[in-house]
Amino acid sequence: MNNEIFRFLQKIGVDSRFISIMDNWIVVNNLRYSRLSRTRQELLCHKFPELTIIRSKIFQRIATRASRNLKIDLKPRDKVAYIRDDSCASLTLRAVLEPYTRKYGIKIIEISPGGEVAHEDVDKVAMAWDLDYEVEGLLEKMLHGEKISLKSGVRYGDGYELIYPLINIPRSWIHSWTDSEDIPCRESVSEGISADMVGFLSTFIPDVREKMYSSALFLKENGL
């Protein structure tokens, strides 16, 4: 089915490197670069009436931020595994990875929850950790008087590399796009003092997550 959709997109002049083809959804990553005009969308929906076209602006922001990580982390023809579960983060991770099957020719390998990764079969494992998870981890270390370090600083598993495409994406963005499009998925909920502190600080400093993450990156890059 996806191959048939891909060929038709080529035929009508849509650049599939900037959309995600997922089951019965087409999710736009970058509207301008994809060239998916309303006229082309009508042609697509006429040919495949079962398709739902998602033009979410918030998802386009997610895809743009994630691309900053992926253009560094991915290499052509990488075999990339990820855990596919019912979470909104897993769904979003799949959506941002999918266009790279055409951009870089990567192969996406799905792992069920609790499944094992055969290191000879994959080059990289993509983790569905978001910015909130990272920042809460930083605060947890601070509260316990430990040296600050990023959870995403762990780069290698058992014979494969770990990558974190969503690590600079606020959780609220993930929930916002899935909620607005009525996409059924399980939302991640954090509990504990560190999560409460992030929520409290964000009422006074809206971009506190980004600031804390940037500061931790600076410390890491400068060996402090």
Thr101 vs. criteria buried (at least 16 other Cβ atoms within 10 Å of the Cβ), under 16 Å from Ile174 (Cα atoms) and of a type in the set (S, T, N, Q): no
I need every pair where a residue in the stretch 10-30 that is of a type in the set (Phe, Trp, Tyr) has its Cβ under 9 Å from the Cβ of a residue that is in a loop (DSSP other than H, G, I, E, B) and surrounded by 15 or more Cβ atoms within 10 Å (Cβ to Cβ), sequence separation at least 6 or different chains. Phe18/Asn29; Phe18/Asn30; Phe18/Arg35; Phe18/Leu36; Phe18/Pro99; Trp25/Leu51; Trp25/Glu181; Trp25/Ile183
Filter the stretch 98-150 down to residues that are without any contact (Cβ under 8 Å) to a residue 40 or more places away in the chain, under 13 Å from Ser194 (Cα atoms) and not aliphatic (A, V, I, L, M), then give me how many there are. 2
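Rundown of residues vs (1) in contact with a helix residue (DSSP H, G or I) (Cβ under 7 Å, 6 or more places away or on another chain); (2) over 18 Å from Arg155 (Cβ atoms), yes/no style:
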| site | (1), (2) |
| --- | --- |
| Lys57 | no, yes |
| Thr64 | no, yes |
| Asp73 | no, no |
| Asp78 | no, no |
| Cys88 | yes, yes |
| Arg94 | no, yes |
Flag if Glu110 is within 16 Å of the chain's Cα centre (by Cα), of a type outside the set (S, T, N, Q), assigned by TED's automatic domain parsing to the domain that holds Trp177 and modelled with pLDDT under 95: yes
Residue selected from the stretch 58-75 under the condition closer than 16 Å to Arg171 by Cβ and among the charged types (D, E, K, R), by the criterion surrounded by the fewest Cβ atoms within 10 Å (Cβ to Cβ): Arg61
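With respect to Arg77, is the statement that it is charged (D, E, K, R), modelled with pLDDT of 95 or more and under 17 Å from Leu31 (Cβ atoms) true?
no
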So Ile53 ticks every box in (1) in contact (Cβ under 8 Å) with a residue 24 or more places away in the chain; (2) within 16 Å of the chain's Cα centre (by Cα) but one. Which box is left unticked? (2)
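So which residues in the stretch 131-165 are charged (D, E, K, R) and out of contact with any Pro (no Cβ under 9 Å at 6 or more places or on another chain)?
Glu134, Glu136, Glu140, Lys141, Glu146, Lys147, Lys151, Arg155, Asp158, Glu161
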Of everything in the stretch 1-57 that's part of a helix (DSSP H, G or I) and β-branched (Val, Ile, Thr), which residue is surrounded by the most Cβ atoms within 10 Å (Cβ to Cβ)? Ile5
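The values are calculated or read from the model by the stated rules, or taken from the named source; none is laboratory data. This structure is a prediction, so every number in the text was calculated from the model and none was measured. Ideal geometry is used to build each Cβ from the backbone, glycine not excepted, and the neighbour counts take in all protein chains shown.
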